[in-house]
Amino acid sequence: MPRMSDADKQKSHARIIDAAARLFREDGIGATSVSDVMRAAGLTHGGFYRHFTSKEDLVVAAFDKAVDDMIAAMEATETASQRQDVKDDYISRYLSLEHANKAGNGCPLAAMGSEIFKYDGEIKDAASRAIDRTSALLDDPSDQQAPSGLAMIAMLVGTITLARLAKSENGALQIIDAGKSALEQLQKD
């Protein structure tokens, strides 16, 4: 069997991380096996250890990738006005029924946070880094009256988590609307 080129290995590696990021957010870390991830990536289970030392190593990589995808636009802004526009768009997309219904493409903190708190080490460190990065981007140090980034991320994650627990779409929308109102009030105070 021919040896895989470095470019092919990198493509496979990226496919594994993408599949894991989606599956861990959709189904949970514990409920998603390495075989599930490799199957979703279109690869065999045997190839996993060419890319990762353990499932925990994969969880960290997948979590980091999901965070990167969520906040890349905010990190790429150069001016304060651009940052505000991108931040407003981020909040609008975050507090939406689509986000509540599609955990596999959404915020990893909201999707996996209740499971990650049970872990130690690198997995929990990845979540802490995500909180720090995201809250720093949501923070507005030039406005002392603005809510802190930590308060904003707490409101966002809490709102979408509760919306996902609602029994109906109408209930989810009510929770999302309540979260939007609370965030607006927080920004006014």
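The values are calculated or read from the model by the stated rules, or taken from the named source; none is laboratory data. If you're wondering where the values come from, they're calculated on a predicted model, not measured in any experiment. When we count neighbours, we look across all protein chains shown, and the Cβ atoms used for this are built from the backbone with ideal geometry, even at glycine. Quick note on the areas: whole protein, heavy atoms, side chains included, nothing else; ligands and nucleic acids left out. Shrake-Rupley method; radii C 1.70, N 1.55, O 1.52, S 1.80 Å.
Can you tell me which residues in region 13-33 are under 19 Å from A111 (Cβ atoms) and not in a loop (DSSP other than H, G, I, E, B)? Break it down into steps so the answer makes sense when it comes.
Filtering region 13-33 down to residues under 19 Å from A111 (Cβ atoms) leaves 16-33.
Of everything in region 13-33, those that are under 19 Å from A111 (Cβ atoms) and not in a loop (DSSP other than H, G, I, E, B) turn out to be I16, I17, D18, A19, A20, A21, R22, L23, F24, R25, E26, D27.
Based on this model, can you work out whether F48 counts as in a loop (DSSP other than H, G, I, E, B), open to solvent by less than 60 Å² (accessible area, probe 1.4 Å) and farther than 29 Å from A172 by Cβ? Explain how you work it out, then say what you get.
Values: in a loop (DSSP other than H, G, I, E, B): no; open to solvent by less than 60 Å² (accessible area, probe 1.4 Å): yes; farther than 29 Å from A172 by Cβ: yes.
So F48 does not fit the description; no.
For residues that are small (G, A, S) and open to solvent by 10 Å² or more (accessible area, probe 1.4 Å), tally how many sit in region 101-126. Walk me through how you get there before you give the answer.
Residues of region 101-126 small (G, A, S): 103-104, 106, 110-111, 113-114, 121, 126.
Retained after the next criterion (residues that are open to solvent by 10 Å² or more (accessible area, probe 1.4 Å)): 103, 110-111, 113-114, 121.
Residues flagged as small (G, A, S) and open to solvent by 10 Å² or more (accessible area, probe 1.4 Å) within region 101-126 amount to 6.
Of L95, L138, which residue is at pLDDT below 95, surrounded by 20 or more Cβ atoms within 10 Å (Cβ to Cβ) and closer than 29 Å to V59 by Cα? Steps first, answer last, please.
Numbers: L95 fails: at pLDDT below 95.
It is L138.
Name the residues in region 161-177 that are over 15 Å from A110 (Cβ atoms), assigned to a helix (DSSP H, G or I) and open to solvent by 60 Å² or more (accessible area, probe 1.4 Å), would you? Steps first, please.
First, the residues of region 161-177 that are over 15 Å from A110 (Cβ atoms): 167-171, 173-174, 177.
Cutting the leftovers down to assigned to a helix (DSSP H, G or I) gives us 169-171, 173-174, 177.
The answer is E169, N170, L173, Q174, D177.
Scan region 62-95 for residues that are touching a Ser or Thr at 6+ places or on another chain (Cβ under 9 Å), assigned to a helix (DSSP H, G or I) and of a type in the set (A, V, I, L, M) and jot them down.
Answer for region 62-95, where residues must be touching a Ser or Thr at 6+ places or on another chain (Cβ under 9 Å), assigned to a helix (DSSP H, G or I) and of a type in the set (A, V, I, L, M): V67, M70, I71, M74, A80, V86.
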